[in-house]
Amino acid sequence: MSKTLKVYHYPICSTCRLANKQLKEQGYQLDDQDIKQQPPTVEELRRLIPLSGLPIAKWFNTSGEVYRELGLKDKVKTMSEDEKIKLLSGHGMLIKRPIVTDGVKVTVGYKSERFAEEWPAL
């Protein structure tokens, strides 16, 4: 029996490729969505962020080029949650990746050990 996970990723990102490889090796089917071409919608983010258990600030790819280009380091601190969600949904490259969900829980980013715990082999 396989289980399908929704994975928001950037296909040329080496970290995303490692995450996908590990998930496949652990027996999961993946429903991949290119985060740059088709970022999560405002509605998806409103559902996913609480499931992650993380504050919205942890969803930002703070080391990314777009984050720096938009000068968000100080701006994000004063933005409302709605403004942050709209910003993330409009710029997939602002989102830390990969985002993985089974519809019940969500992980953001990739660390091999954490994936082994959160998404154990089937």
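The values are calculated or read from the model by the stated rules, or taken from the named source; none is laboratory data. Quantities reported herein were computed from a predicted structural model and do not represent experimental measurements. Virtual Cβ from ideal backbone geometry, glycine too; neighbours counted across all protein chains shown.
For this structure, a couple of remarks:
- Every condition in (1) surrounded by fewer than 17 Cβ atoms within 10 Å (Cβ to Cβ); (2) under 14 Å from the mean Cα position of the chain (by Cα) holds for residue 20 except the one numbered (1).
- Failed criterion for residue 25 (all others in (1) more than 14 Å from the chain's Cα centre (by Cα); (2) within 16 Å of residue 90 (Cα to Cα) hold): (2)
- Tally of residues being at pLDDT below 95 and surrounded by 14 or more Cβ atoms within 10 Å (Cβ to Cβ) across the range 75-89: 1
- Options 99, 49; residue that is within 13 Å of the chain's Cα centre (by Cα) and either over 19 Å from residue 12 (Cα atoms) or at pLDDT below 95 (or both): 49
- Top-ranked residue in the range 58-74 [being of a type outside the set (Asp, Glu) and loosely packed, with under 11 Cβ neighbours inside 10 Å; ranked as farthest from the chain's Cα centre (by Cα)]: 71
- Scanning the range 70-104 for residues that are of a type outside the set (A, V, I, L, M, F, W, C), assigned to a loop (DSSP other than H, G, I, E, B) and out of contact with any Cys (no Cβ under 7 Å at 6 or more places or on another chain) yields a total of 6.
- Residue list for the range 60-69, filter: in a helix (DSSP H, G or I) and among the small types (Gly, Ala, Ser): none
- Qualifying positions in the range 61-86 - in contact with a strand residue (DSSP E or B) (Cβ under 7 Å, 6 or more places away or on another chain) and either among the charged types (D, E, K, R) or closer than 12 Å to residue 108 by Cβ (or both): 61
- Of the residues examined, residue 41 is one that is touching a residue at least 40 places away in the same chain (Cβ under 8 Å) and either more than 10 Å from the chain's Cα centre (by Cα) or loosely packed, with under 14 Cβ neighbours inside 10 Å (or both).
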